[in-house]
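The values are calculated or read from the model by the stated rules, or taken from the named source; none is laboratory data. What you see is a predicted model; the values in this text were computed from it and never measured. Positions of Cβ are generated from backbone atoms using ideal geometry, with glycine treated the same way; all protein chains shown enter the neighbour counts.
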Amino acid sequence: MTPSRILPLALAAALPLAAQADGYKVALDGTFAPHAMPSLSGGVEGFNVDLAAAIGEALGVDMEVVAAQFSGLIPALQAGTYDFLVAPTTVTAERSANLLFSEGFMDTNFAFTVPAGSPAMDGLDAFKGKTIAVNKGSVYESFLNERAGEYGWTVVSYGTNTDAVEAVATGRADANLAGATASAWAAKQNPRIDLSYEYPTGLVWAFPFRKDDTATRDKIDAVLECLKSNGTLAGLSEKWFGVTPAEGTTIVTPTPGYGTPGFDGYEDTPHEVTCDF
């Protein structure tokens, strides 16, 4: 596998942008576990770090991966610092007005965790009247509070999602709600909790590109289709989330055309899925 070079932002900013013929300079948030997080070796590791390396391997080029704060990633992309971003970025109408997006590489769903050994929970109705721990100030807290009247659950907020998960593990809450991949990672790491019901949002994570760089977007989009079809993305899901993707989910299903359907920049040109680049 072609190795990814992980550079701290200060060093990376001082280097010239790599020519696309030699590879790509990409970036992500290095603190968003399990997509990217500090490793014991001093770099970053995670699902999206491995995905960047798999893209480089498929194309036979080097991927220079920079870890930086998420708030600065899109401005730096627009300024030409990076070729594209490999950070999980939710596709929205506002973002697609200013950026090109690849097809989604994963659904951005919510998921509950519950005490280990709990019965299966299917749907939001299963959590009626429960005490649910959540990270204070998060979209998950807003989601729960907006529906508290309908479902009668008690929302208990914590400063970090780690603390919210611990409340479930120690019996102070019946469930925790967070992003699906964060919940899967927590359950994989903590034997005292189980992954439970996944709530579909209808949104996806995709890779952002500059509006004028259709050629690179289309090339990386085609690689994502290959990695979905040949089992690479399913393998990374099993490695980092402990989850085998269900048939028909975004992570294993190539999207027709280029980009994310329903959003600005989507191109519906039909093409064959191939791994011959």
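So, of the residues in region 83-123 that are among the β-branched types (V, I, T) and closer than 16 Å to A182 by Cβ, which turns out to be surrounded by the most Cβ atoms within 10 Å (Cβ to Cβ)? The qualifying residue surrounded by the most Cβ atoms within 10 Å (Cβ to Cβ) is T113. Considering region 210-225 alone, what residues qualify as being within 21 Å of the chain's Cα centre (by Cα) and polar (S, T, N, Q)? Answer for region 210-225, where residues must be within 21 Å of the chain's Cα centre (by Cα) and polar (S, T, N, Q): just T216.
The residue list G117, G149, G80, G129 contains one member that is modelled with pLDDT of 95 or more, assigned to a loop (DSSP other than H, G, I, E, B), over 26 Å from P245 (Cβ atoms) and not assigned by TED's automatic domain parsing to the domain that holds F241, which is G129. Pick from region 231-277 the residues that are within 19 Å of L195 (Cβ to Cβ) and acidic (D, E): which of them is surrounded by the most Cβ atoms within 10 Å (Cβ to Cβ)? Restricting to residues being within 19 Å of L195 (Cβ to Cβ) and acidic (D, E), the top hit is E238. Looking across region 147-166, the residues that are of a type in the set (A, V, I, L, M, F, W, C) and more than 25 Å from the chain's Cα centre (by Cα) come down to A148, W153, V155, V156. So is A206 free of Cβ contacts under 8 Å to residues at least 60 places away in the same chain and either within 18 Å of the chain's Cα centre (by Cα) or surrounded by fewer than 18 Cβ atoms within 10 Å (Cβ to Cβ) (or both) or not? So A206 does not fit the description; no.
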